[in-house]
Each structure stands twice: as C-alpha cells, then as structure tokens.
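The next block holds one structure in the form of structure tokens; read it before the comments.
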Amino acid sequence: MAKDKKQPRPKAITPKGFRDYFGAEVAQRQQMLTKIAGVYHRYGFDALETSAVETVEALGKFLPDVDRPNAGVFAWEEDGDWLALRYDMTAPLARVFAQYRNDLPTPYRRYAMGPVWRNEKPGPGRFRQFYQCDADTVGTGSVAADAEICAMLSDTLEAVGIPRGDYVIRINNRKVLNGVLEVAGLSGDDDEAARGIVLRAIDKLDRLGIDGVRALLGAGRKDESGHFTEGAGLTDAQADVVMGFMAAKRDSGAATVARLSELVADSAIGTEGVAELQTISDLLDAQGYGPDRITIDPSVVRGLGYYTGPVYEAELTFEVTDEKGRPRNFGSVAGGGRYDDLVKRFTGQAVPATGVSIGVDRLLAALHAKGRLDTASVGPVIVTVMDRDRMADYQTMVAELRQAGIRAEVYLGNPRNFGNQLKYADKRDSPIAIIAGGDEFDAGKVQIKDLILGAKIAQSASAEEWKDHPQQFEVARDQLVAKVQAILASQG
C-alpha cells in the first residue's frame, strides 16, 4: 500500500505586493491618524467605518488598471453575486449615503481611516494594500465645501509636522479641462480615447517635462528603455491649445484665473469651471490661505474618472534622494475633488459631493524624511522571575504597575537563565527591570534596574561620568510603583 504523500510545509513569506507592520510603525501611524482626526473633528466632520467588502456593482469601474484581473480590484463570486475588497473610501461612502440618506444630515460630513486594496502590479514602494484617510462632504454643490476641504488639508499637514513652505496644495477644475478639450475640438464621442490620453499626459508633466507631454499629445513617445507609448494624435493646432493651458499658471491665483478665462472663453463648461476656481480662490484668500499654502494650478488632473469639478492635490516640495541617490521632490501625499455623479448611480438623483484622501504611508514616509517622527521605541517594564513558585507575587506587582498607568509585563519564558530575561528586556526596549527573589520577598523589598541608564553607561567610553548615577535601586515593596514612576520621569 502506497504511503500518503507528505504535504510540503507552507512558505513563511509575505504575499507579493503586501507588507507587515510591527509595533513602532503601527504606533507612529496611529499617532499621526489621531492628529489628523483631531483636525477633521474640529472642522465638524464625524467618523464613519464601512465594511472592507462591497459589491462590485457598488464599487463601480473607476480604477485605471483595466488590464489587470477584475479591472484592478480583488473580487470573487459568492452565491451569484460578485464581491470585492474596497479600492478606496469614496465609493463605499456613496453607497452609505444612498442607503441611509433619510437618516443622515444633509450635507453629511464624514471622515474615514483604514486599509484599501488594489490589484495593481507591485513595485518599489507600491503596495496592493495601503492606508487611506478621507474626509468628504456630501449633499452640497457649493464650492465653499471644496475651499473648506483645501483649508482643512493645509491645517492637517501642519498639524502632523509638515511646516509651511514644505508643501503646497494645488487646485484645478475638471470643467476647465473639459472646456480646453472642447476648444481644441475634442468634445465628441469619438474623441473619448484621445481625451483620456491627453489627461494622462498632462498628469505626467512633472515627470516627463514639456517635450515629453508634447510628444504624447501627438504621435507618441519612446522612453529611455525603448518602450513606445501611443499618443493622442492631436494636430499641432490642437496640441498648442492644450500646451497653452498647461502654461497658464501665473504668480497669483487671480492672474491664473484670468488667463484660464481667456483660454476657455468659447466654452460654456470651461467658463463655469473658471468661475468656480475664482470663487474658491476668493474664499481661501479671505481666510488667510495665500499662495504659499494653496494655489491655482492648471496641471492638476487626478487619475480617477469620477471627478466632475474642482480637483486638488497636496504636494510636498522638499527634496529627498531616490533609490539611485538622485535628488528629487518628495511629491504628492493627498488628493481629491468633486464627484457629483457618484451617489447618483444608486439614487438616480444628482447628489453633489467633494472630498480628499491622504495617502497615510506616503505621509508617514515624509515625516520620517523630515525627522518629525519619534522613532524611539519604549517597551514595557519587565518584572523578572527569580522564583517560579512566587508567580502570584510577580503578577501582583505587574497589576499594581498597570493600575498606575504603567505599561508592564511579567517575563513568561523559561526563568532558569536570568541573563536571558535581561536579553528579552533589551529586545523589548524595556526601560526598567524589576528583580525580586526569595531574599527580597522575605525582607519586603524589590530591586529596580534602570535599563536606559545601564545602556548609556555601557556605551560610554568612560564610566567616570556616571559614578554618581546609580542604575539599580533597592526599595521597600510598597514603594515599587512610586520609584518606577520617578525613574520613568527621569528618562523622559
């Protein structure tokens, strides 16, 4: 009789395009999200948590990666219905507002934080699961809501540690873009593919430069690797219109708006978009948000297909070095815009909405680059075990510490080797070790070891400077909590 084939052991490996987050990273993210939530709450937004899974029908087809399986989402069939992991926070919000519209206030202002998933081709720094932090206003067509979102985004960046001068929030309007395309003769149904290429080309201005974008507006562009990207096939006259639009930015918002007004004078939708930009600019100026923080910029496009009006993007302007050691600007960390047709998919009635999404991982990386994150990890106080028969006494000590608000734990490994307990405390970045054996218990005392000071002494070239700084103390058992609190305070 043949033996059953032994099953191979599973590989302990993170799936491609995903990553794991450990204690300090999770804590830093949570600290940043708490600051962001504080700003959103101050602006009157309420928290909302939605399911990570939506129906494919509810999510819609808005991702650009149509060449990926399931159009860029992780989807599966269940009982005849197709379900998918959410790819952003906005599509679930549209479903929620349509579902609960009779119970929610209008306008409805909400913020949401959590992971989203995209079935994209992974690459360096590009993951299939990442965190987003959104804030949206649903139910008002006033562009005052768009101006408010941009002001709130500015306040948020400064609240988390991005100083003024290291960022700029750039605003454009899809209606202006549509007006430019109309003036260029690209408003027909047959021009849809060309319009898409034009928008993607404008969006690549920072990376490709004027010449690269011009090539994509025409016959196409071959990159350094030899790969050819097909262009929009515009005539020189049509390309001139688009290029003139991209060069419309001036030193002030008013001057930029005036130039855009000239470019789209023959387009009703374009003129409407320019008027909205003028209103947003006036509202922000009145609140003190000048061009050093928020500016009108015609090069902003935004990739998702559901935007219908103002669009905005937060760009960090300070330099970092890339993986090849070359200097470059950090780039975008947040973006959003108006999407007046998204809820209409559910209700059949137009429901105006606008919102912004912050790329949490990108913003965390920026704070790391600026040295604005506390990277020091502080672990728990470790109560070591010298006598396993006294475990109840050790647990009593750790309970007292926890009740005083001190993070603490009892060592639960093999207590036979005391050195291993201190190695464990070192791996846990523990600030203090509590030591008590039979002699200490009989005398009603405990030993308290300052591990932070001990590490400094070990790293010092000379112990002379530390001779008046004891690193271990013997105190009465009833003074345990007070002494630990004093040592923690001295460690800062």
Mind checking which residues of region 422-455 are over 19 Å from residue 407 (Cβ atoms) and among the β-branched types (Val, Ile, Thr)?
none
With the structure loaded, tell me whether residue 226 is of a type outside the set (Lys, Arg) and on the phi > 0 side of the Ramachandran plot or whether it fails that test.
yes
How many residues are touching a Pro at 6+ places or on another chain (Cβ under 6 Å) and open to solvent by 50 Å² or more (accessible area, probe 1.4 Å) when one looks only at region 379-391?
1
Condition (residue is assigned to a loop (DSSP other than H, G, I, E, B), over 23 Å from the mean Cα position of the chain (by Cα), modelled with pLDDT of 90 or more and closer than 30 Å to residue 449 by Cα) applied to region 344-355: is it met by at least one residue?
no
Could you please let me know if residue 154 is open to solvent by 50 Å² or more (accessible area, probe 1.4 Å) and not aliphatic (A, V, I, L, M)?
no
So residue 209 fits all but one of (1) outside any helix (DSSP H, G or I); (2) free of Cβ contacts under 8 Å to residues at least 12 places away in the same chain; what number is the exception?
(1)
Return the total of residues in region 264-302 being of a type in the set (Gly, Ala, Ser) and surrounded by fewer than 20 Cβ atoms within 10 Å (Cβ to Cβ).
7
Is at least one residue of region 333-350 buried (at least 19 other Cβ atoms within 10 Å of the Cβ) and farther than 24 Å from residue 139 by Cβ?
yes
When region 230-261 is checked residue by residue, the ones that are in contact (Cβ under 8 Å) with a residue 12 or more places away in the chain and basic (Lys, Arg) are 249
Of all residues being closer than 16 Å to residue 378 by Cβ and either assigned to a helix (DSSP H, G or I) or of a type in the set (Val, Ile, Thr) (or both) in region 392-407, which is least open to solvent (accessible area, probe 1.4 Å)? Just the residue, please.
401
Log entry, pairs with first residue in region 361-382 being over 17 Å from residue 163 (Cβ atoms) and in a loop (DSSP other than H, G, I, E, B), second being open to solvent by less than 20 Å² (accessible area, probe 1.4 Å) and of a type outside the set (Phe, Trp, Tyr), beta carbons closer than 7 Å, six or more apart or on different chains, reads 378/431; 379/430; 380/408; 380/430
Members of region 399-457 found to be of a type outside the set (A, V, I, L, M, F, W, C) and touching a residue at least 60 places away in the same chain (Cβ under 8 Å), listed by number
400, 431
Since residue 237 meets every condition but one in (1) among the small types (Gly, Ala, Ser); (2) assigned to a helix (DSSP H, G or I); (3) surrounded by fewer than 15 Cβ atoms within 10 Å (Cβ to Cβ); (4) modelled with pLDDT under 85, which condition does it not meet?
(4)
Contact list please: Cβ distance under 7 Å, first residue in region 79-106 and under 16 Å from residue 118 (Cβ atoms), second residue among the hydroxyl-bearing types (Ser, Thr, Tyr), pairs at least six apart or on different chains.
83/55; 88/357; 89/357; 90/339; 92/50
Give me the residue from region 408-439 that is of a type in the set (Asp, Glu) and modelled with pLDDT under 95 and, out of that set, least open to solvent (accessible area, probe 1.4 Å).
429
Taking the criterion of being open to solvent by 70 Å² or more (accessible area, probe 1.4 Å), modelled with pLDDT of 85 or more and not in a helix (DSSP H, G or I), would at least one residue in region 240-263 satisfy it?
yes
Which of the residues spanning region 13-44 are small (Gly, Ala, Ser) and outside any loop (DSSP other than H, G, I, E, B)?
23, 24, 27, 37, 38
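The values are calculated or read from the model by the stated rules, or taken from the named source; none is laboratory data. In this text, all values refer to a predicted model and were calculated from it rather than measured experimentally. As a convention, Cβ positions derive from the backbone with ideal geometry for all residues, glycine included, and neighbour counts pool all protein chains shown. Accessible surface is based on the protein model in full, side chains and every heavy atom, while ligands, DNA and RNA are left aside. Shrake-Rupley method; radii C 1.70, N 1.55, O 1.52, S 1.80 Å.
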